[in-house]
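Visitor: Before I ask anything, let me first share the structure, which is written out below as structure tokens.
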Amino acid sequence: MLGLARHSVAGAAAGGPQDEMLERMRAAFPYPIATVPGQRALAEWQKLSRRGGGWPIIIGGDEALERVLEQYSIEDRSVFPMPTNPDLPPFPAPRTPQEILTAAERIEVGAELQRLFDHEYGEDPFELEKGEWPKPHEIGSMGLSVDKDILTGAYLDKVHLCVLPTEDSADAAAYLRWGNWNACPPPEVHVAVHRKWHAEYGAQVVGMSGDVIGMRVTRRPASREKALALAQEQYLYCSDIVLQGTETLEPLAATLMQSDWWFFWWD
């Protein structure tokens, strides 16, 4: 088992302004980080999850780590100082994880996902075409992706993990303040959705990079009807997995019946 040091992250600062900024971002990140070869990332995650004392998240390579640090610290004025303007209200303090978790408790998942989807695409968006249910050999497979190069599929030379002060993987977005850019839902929506999916499918967050979430489930949807309903819900949550991926719900639903891994991506 590798020891976890709070700031044992990629590379020493070379002394330039960008390196200094990265060091300040790392210093503002309150959770311990471990670094392992990519091919060992999932095994290390399993060790950390069995050990207890917090929920481990696989972040990915150096670039993914920097994006997570930025997402976490973008509202921290000690990292990103801004000139004060007496004519403007003060910049709001970032929400605490507990404030985000409390907000998540008030969310009705189905209604909120539909509201966010309508806001993004309009209340009368285009209709998805009905697709064909794929044959067994046509069904895609999914797995953990944050430990690999997105273009080649090869394992990254090094992958970073962090350990969050919770035993519930659904809390991860709250502790990382993850989301709320472009079409990506805000952190409390991720928490509410992940709680629902954990209750229904045993889904747990394993990977969370700068723009990707990887989840593993213990219970797959047991019928095509349930799989299609889940695929529709995932489409509202992360439309690009269909619009830039399967194109219709049926291939996604078929994969959900066959795979223990779920993948979500926002740009």
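Visitor: Kindly check whether there is at least one residue in segment 222-244 that is among the β-branched types (Val, Ile, Thr), closer than 18 Å to Ile139 by Cα and either touching a residue at least 24 places away in the same chain (Cβ under 8 Å) or open to solvent by 50 Å² or more (accessible area, probe 1.4 Å) (or both).
Guide: yes
Visitor: Another one. If I go through segment 18-55 residue by residue, how many of them are polar (S, T, N, Q) and within 21 Å of Tyr175 (Cα to Cα)?
Guide: 3
Visitor: Can you tell me which residue in segment 200-211 is nearest to Lys47 (Cα to Cα), limited to those that are surrounded by 18 or more Cβ atoms within 10 Å (Cβ to Cβ) and without any contact (Cβ under 8 Å) to a residue 40 or more places away in the chain?
Guide: Of everything passing the filter in segment 200-211, Gln204 is nearest to Lys47 (Cα to Cα).
Visitor: State which residue is nearest to Ala93 (Cα to Cα) when the search covers only segment 170-208 and only residues that are part of a loop (DSSP other than H, G, I, E, B) and among the small types (Gly, Ala, Ser).
Guide: Out of the qualifying residues, it is Gly179.
Visitor: Next question, about the same structure. Restricting to segment 212-221, count the residues that are surrounded by fewer than 16 Cβ atoms within 10 Å (Cβ to Cβ) and either modelled with pLDDT under 95 or of a type outside the set (D, E, K, R) (or both).
Guide: Looking only at that region, the number is 1.
Visitor: Looking for whichever is out of contact with any Ser or Thr (no Cβ under 6 Å at 6 or more places or on another chain), of a type outside the set (S, T, N, Q) and surrounded by 17 or more Cβ atoms within 10 Å (Cβ to Cβ) here; the options are Leu151, Leu164. Which one fits?
Guide: So the residue among Leu151, Leu164 that is out of contact with any Ser or Thr (no Cβ under 6 Å at 6 or more places or on another chain), of a type outside the set (S, T, N, Q) and surrounded by 17 or more Cβ atoms within 10 Å (Cβ to Cβ) is Leu164.
The values are calculated or read from the model by the stated rules, or taken from the named source; none is laboratory data. If you're wondering where the values come from, they're calculated on a predicted model, not measured in any experiment. So basically every Cβ, Gly included, is an ideal-geometry build from the backbone, and we count neighbours across all protein chains shown. Heavy atoms of the whole protein, side chains included, go into the accessibility calculation; ligands, DNA and RNA do not. Shrake-Rupley method; radii C 1.70, N 1.55, O 1.52, S 1.80 Å.
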